[in-house]
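Input: a single structure, listed below in structure tokens.
Rule-based calculations on the coordinates, nothing more; no lab input. Fair warning: this is a prediction, and the values are worked out from it, not measured in the lab. Cβ placement follows ideal geometry from the backbone for every residue including glycine, while neighbour counts extend to all protein chains displayed.
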Amino acid sequence: MLAIDIMLLAAGGALVVVAAALVGGRIGARGEARRRRRQGERNAEDEKRRLDERCTACGDAVDPAQDLWESGQWWHRACYREAVR
């Protein structure tokens, strides 16, 4: 009788472990999908911002670390000098 109870307890414990692994895997997959979706949204926002960063004069892409932001518009330094002249 005691051996049967121990075997049933072990089988029940194994079922609990398997069920926890399956549920945890699904939750992990959902979390990973959510993380990828959020990363995609951030990438899209960054790409949109990068496309908006164009020189007012020539329309080429600017480098925010080197070019100018003046009066709400991006300017290459050379284009800005030409426009000011």
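Within region 67-84, can one find any residue that is surrounded by 10 or more Cβ atoms within 10 Å (Cβ to Cβ) and β-branched (V, I, T)? No, the conditions are met nowhere in region 67-84. Within region 14-55, being under 30 Å from C79 (Cα atoms) and either part of a helix (DSSP H, G or I) or in contact (Cβ under 8 Å) with a residue 24 or more places away in the chain (or both) holds for N43, A44, E45, D46, E47, K48, R49, R50, L51, D52, C55. Among the residues of region 56-67, those identified as assigned to a loop (DSSP other than H, G, I, E, B) and either under 10 Å from the mean Cα position of the chain (by Cα) or among the aliphatic types (A, V, I, L, M) (or both) are A57, V62, A65.
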